[in-house]
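Working notes, structure below.
The values are calculated or read from the model by the stated rules, or taken from the named source; none is laboratory data. Please read these numbers as outputs of a predicted model, since none were measured by experiment. A quick note on method: Cβ atoms are made from the backbone with ideal geometry, for glycine too, and the neighbour counts reach across all protein chains shown. Accessible surface is based on the protein model in full, side chains and every heavy atom, while ligands, DNA and RNA are left aside. Shrake-Rupley method; radii C 1.70, N 1.55, O 1.52, S 1.80 Å.
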Amino acid sequence: MESKKKKAVRVIALLAAGIFLLYGTTRGETAVVLNKAVNICLECIGLG
């Protein structure tokens, strides 16, 4: 019984993660994240 419960929790968590990924993508958050990553990288290297 315990393994069925763990499997159900994993499936629900995977579905929730997929839903959040789709939601963020439709809002255009990928560009925001990429922009922040570039800024952080440039600040650490010192090129910016």
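Based on what the data block shows, is Leu34 free of Cβ contacts under 8 Å to residues at least 12 places away in the same chain and open to solvent by 90 Å² or more (accessible area, probe 1.4 Å)? In short, yes. Residue count for segment 1-29, restricted to those that are open to solvent by 90 Å² or more (accessible area, probe 1.4 Å) and hydroxyl-bearing (Ser, Thr, Tyr): 2. Within the chain, being basic (Lys, Arg) and assigned to a helix (DSSP H, G or I) holds for Lys4, Lys5, Lys6, Lys7, Arg10, Lys36.
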